[in-house]
Structures are given as C-alpha cells and as structure tokens.
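The next block holds one structure in the form of structure tokens; read it before the comments.
The values are calculated or read from the model by the stated rules, or taken from the named source; none is laboratory data. Values in this document were obtained by computation on a predicted structure and should not be read as measured data. Cβ atoms come from the backbone with ideal geometry, glycine included; neighbour counts cover every protein chain shown.
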C-alpha cells in the first residue's frame, strides 16, 4: 500500500506547477471553408512555439517526430517546440479546425527546461496523443470567440481574448487530469508503450520499462499483459519485427544482420527465429514475397492484404482508404486504379503485371473474372461465403502464406480478450445496439458485419428480440419499440441528409424512451474505413472500443 501511494503521488506533479507558468496566446488560425469540403494542411516543419490543434469536426492525420497519429473529432493535440510536425485535416463546410500557437513563460524560480519537461510529461500521458474534451461543443464556441477577440482593434478586447485563452487551457488541463485520475494504472503503461516505440533500437529490459512506469517489475508485467494481451517483452519483439518488415519492403537490400541490428537484435539467428514466429514466414521468404506485385481490385481485398503484412501495389482510386493506408504504411507506390472503363482498367493491370489479384465475386461480371484470370492468378472472395476470417485464410492460402494468417488471427484473439477484460462490468451487462445511418436509411448492424467485433469477439449482449430486425435494409423508428437498448453505438455518414435523419431519430419518442438515451450512453463513430468487414478493420475497431469505453461505466 505504501508503494502504491508513492506511485500515485509521483504521477501528477506537473499540474501542481501550473500556477508557476504564464501562457501567452500568439496566434490562432482557423481552417477556411470550401464549397463542399474544407481541407487544411500543415507542411512538415520544426515548431518554434507550442501548438494546440483542436478538431471540432472532421478527420485527418498528424505526425510528430515521425510518429503517426490519426486525428479524432472532439480532441485536442499539443505540439512542443523542437518537434518535427506535419498534419492534414478534412472537414465539411464550416470552420471546424483551430491551430493555436502559444508560448509558456516560467514565473519565479522555475526554469524553461522544467517548463518543457512538464509539458512533455503531460502530453505523454494522453492516449494516442489526444486529449478528449468533455464538451467539444463548448470548446468549439470558446475557440471561435478567442479567434474573434484577438483580431479586434480594441486592445482591451484583445486582452479579453487572452483571458478566454486561459479558460481554454483550464478546460483542457481539467479534462486531462480527469482522465489521468480515472486511468491511474493505465497511463504509466501507455507511457511504456511510447517508450518502447521510441527506443526499440536500444537494449531494453523489464526493469527499464518498470522504471518508466514507476512500478515494481512484477506489478508492471501483470498490468501490461492485462492491457495489451501479451507480455511487455513480446510487445517489444513484435514492434521490432514490424520495423524490420518496413525495412524489407524498401527497394534497397540490406543484409539481414544489418536489419537485425537496426531494430535492436544483436543475435541474427535469434532475429530469424522470432521473425518467423511473429510473421509466419522466414525473413528470406518475407523479402521475396514483398517484391511480389499484388493488386486489390475491390475494397474487401485491401484490409485482407494489410493483415497479411502486404501493401497492395495497386488499388481502387476512389476507395476511402487510399490516403489512409498511404500515410499509415509510408508508401507512395500504390497505383490508383480508375475503373470507369473496363478495357482501360484491364490495360492498367497489364502494365502493372501483377503476380496475384484479389477480387470479390459479387462486384464483377463472369466475363471480367475470366479476363482477370488471363493476367494473373485471382483469389476470389465472396460477401456471401464465409466471414472475414475465412477471407483472410482464403487469400493467404491462395498466395501460399497460410501460416501468416494463423499468426495474425492468434494475435487478434489475444487482443480481443485483453480489450474485453478492460471493459467495465456495466458495459458487459448492457444490451448494445450498433446502428448505421446513411442518407435516410437506418440499419441495425448484425454479427455478419463489423458489429461482429462487439457481439462475437467481445461477447457483448444484443437487445433481446433484435434478431427480427437485423435482416431489414431500412428500419423504421417503431421497429425499435419494445427493445431493451441500454447502450448504443451510432455510425452516421457525414452528409447532410444522414445527419438530418439522425437528428430526427433522436427527437422521436421511441428513441428518447430507451435507456441508452435516458442515461446518455450513446457513442458516435465516423464511418470511414470502419465499415469494411475485413481483418484489418476489425482490429481497428478494437482500438476504437478502447478509446471509447476503456474507462467508462
């Protein structure tokens, strides 16, 4: 008990220093609205001041010193002086992104180095770099007001803008502290994950990681495995192998001994053994396979390939993942396929000269399949045959990589079990409905869709009697009457009609009578890639579950 008290006391020292600091707003920028979509980009550069990004609505990405972060609506992100940052955000119609530059000055005997250390410590304690706002709408209005005030000619009004900026910081720090206190044992473990990803090239011991977490090694190992479903050393090894895989995909051909040393392995034979264990393939086979040109002509193939550590050499130009996986996998070698004309489409494929093609039976004609088979072996997936696990195994078997699929599935099961163990008893007992709203269509997502993450993998409960409406393409609000809906996860498309449909549904008597609405247990997700029922999107959804519910009642 005494050790625990010391750990807790040492975990929140930074907030006690806030009254020794002076924060000064320097500049606030807002994304400009466009005709149908506003896009804001921050080119790669080193920060000379502190930077605050608030995403009221939209989606995008941020890299900080090479670390990729998927930006989330309703969250704040902090950049520190000296960091190399780059970002891009896409929103709809309105000014929904704010970039604030500010300086922090020490008061009294506090040094500038202490200021920087404090801010860095607080940022490290956030989950995936994001500070979740308790009221994004209130923060949005506050940012709008600050932007107006600091542009006033009247000096007193500009001064008031500085005061409102202090209120914004107070709100941000309050939200951060609330999360830290709620997640007491978790955030030190999250710090260790970040430490691993920054120092994987070096020798790291269990004691090193336990020291970062400020815990005994025994306590640390137990908490880490509970949170991630594997030991800390296994996580380190898996991360190192992933970095090695990235090196192997490059055009130059370093020797295995060099690759092993670059990712923290001093023993080449041990590296080879661990690589095969984690990848399902020996290093030489992985390098050979990485040179193969594999095309995903339909969206279902993309997430299937990514789970097999394969970045397709070509994919649909209009697929919503195009920008996502290019950023995520740091490659500009994915050829966008334009399928407006079948003959032209096939000409593109001939020029690529693929080794394999991944296609979906329901999304092409029999004639098209025959023509694809004339170009390369085709792995044909089907929406109506099997689930995402079957698709993964089928694609792996087609390309002679069955072990890679089984390794990935084993890790997925471990991760799902770890996520489930971190959900509260209340969440596990609640009856959950997963809804999709697109245009004027409302659907209850069934276990054959991405909702299988909830109903099958996490074994959460569905409302009794929901089986009768799972098959319906378009629900009427009255179809939900009589269902015991304790909690809801709603995926609303970003177009105006979809938002209007959701707004009308929220005002309906049937919806307001549900326990989910009455107890405010309704969570929202941006659709994007999550609606693709593939292996990769199922893992992404597990990550989203943790962000939403890890420390929620």
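Observations
- In summary, residue 355 fulfils each of the numbered conditions (1) within 24 Å of residue 451 (Cα to Cα); (2) surrounded by fewer than 16 Cβ atoms within 10 Å (Cβ to Cβ); (3) at pLDDT 90 or above with the single exception of condition (1).
- Residue within segment 429-443 that is within 23 Å of residue 223 (Cα to Cα) and either buried (at least 22 other Cβ atoms within 10 Å of the Cβ) or modelled with pLDDT of 90 or more (or both) present: no
- Residue check, residue 240 under 29 Å from residue 360 (Cα atoms) and either touching a residue at least 24 places away in the same chain (Cβ under 8 Å) or surrounded by fewer than 20 Cβ atoms within 10 Å (Cβ to Cβ) (or both): no
- Flag if residue 238 is in the same structural domain as residue 265 (by TED's automatic domain parsing), closer than 30 Å to residue 258 by Cα, at pLDDT 90 or above and outside any helix (DSSP H, G or I): no
- Of all residues in segment 451-479 being in contact with a helix residue (DSSP H, G or I) (Cβ under 6 Å, 6 or more places away or on another chain) and buried (at least 20 other Cβ atoms within 10 Å of the Cβ), the one that is farthest from residue 390 (Cα to Cα): 462
- Just one of the listed residues (68, 54) is modelled with pLDDT under 80, in contact with a helix residue (DSSP H, G or I) (Cβ under 7 Å, 6 or more places away or on another chain) and part of a strand (DSSP E or B), and it is 68.
- Any hit, segment 372-382, residues being surrounded by 17 or more Cβ atoms within 10 Å (Cβ to Cβ), in a helix (DSSP H, G or I), over 23 Å from the mean Cα position of the chain (by Cα) and not assigned by TED's automatic domain parsing to the domain that holds residue 520: yes
- Scanning segment 195-226 for residues that are modelled with pLDDT under 90, part of a helix (DSSP H, G or I) and within 22 Å of residue 261 (Cα to Cα) yields 195, 196, 197, 198, 199.
- Scanning segment 41-60 for residues that are surrounded by fewer than 21 Cβ atoms within 10 Å (Cβ to Cβ) and more than 27 Å from residue 117 (Cβ to Cβ) gives 41, 43, 57, 59.
- Among all residues of segment 26-35, there is none that is at pLDDT below 85, in a helix (DSSP H, G or I) and either in the same structural domain as residue 215 (by TED's automatic domain parsing) or more than 30 Å from residue 540 (Cβ to Cβ) (or both).
- Restricting attention to segment 333-349, the residues that are modelled with pLDDT under 85, assigned to a helix (DSSP H, G or I) and surrounded by fewer than 16 Cβ atoms within 10 Å (Cβ to Cβ) total 3.
- Residue match in segment 101-116 (condition: modelled with pLDDT of 85 or more, assigned by TED's automatic domain parsing to the domain that holds residue 27 and under 30 Å from residue 548 (Cα atoms)): yes
- Odd one out for residue 482, checked against (1) out of contact with any strand residue (DSSP E or B) (no Cβ under 9 Å at 6 or more places or on another chain); (2) surrounded by 20 or more Cβ atoms within 10 Å (Cβ to Cβ): (2)
- Among residues of segment 217-234 that are under 12 Å from residue 207 (Cβ atoms), those with a beta-carbon under 6 Å from a residue that is assigned to a helix (DSSP H, G or I) at least six positions away or on a different chain give the pairs 217/206; 217/207; 217/210; 220/210; 220/213; 232/209; 232/224.
For (1) part of a strand (DSSP E or B); (2) surrounded by fewer than 22 Cβ atoms within 10 Å (Cβ to Cβ); (3) not assigned by TED's automatic domain parsing to the domain that holds residue 350, each residue gets a yes or a no:
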| site | (1), (2), (3) |
| --- | --- |
| 257 | no, yes, yes |
| 260 | no, no, yes |
| 269 | no, yes, yes |
| 304 | no, no, no |
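- Filtering 422, 414 for residues that are at pLDDT 90 or above and within 25 Å of the chain's Cα centre (by Cα) leaves a single hit, 414.
- Number of the condition not met by residue 491 [criteria: (1) in a helix (DSSP H, G or I); (2) closer than 16 Å to residue 540 by Cα]: (1)
- Condition check for residue 325: modelled with pLDDT under 85 and within 18 Å of residue 377 (Cα to Cα): no
- Of residues in segment 126-148 being under 17 Å from the mean Cα position of the chain (by Cα) and modelled with pLDDT under 75, the one nearest to residue 83 (Cα to Cα): 129
- Restricting segment 168-188 to residues that are surrounded by 15 or more Cβ atoms within 10 Å (Cβ to Cβ) and modelled with pLDDT of 80 or more, the residue that is farthest from residue 232 (Cα to Cα): 168
- Residues that are part of a helix (DSSP H, G or I) and in contact with a helix residue (DSSP H, G or I) (Cβ under 9 Å, 6 or more places away or on another chain), drawn from segment 418-443: 418, 419, 420, 421, 427, 428
- Checklist (1) surrounded by fewer than 20 Cβ atoms within 10 Å (Cβ to Cβ); (2) part of a helix (DSSP H, G or I) applied to residue 396, failing item: (1)
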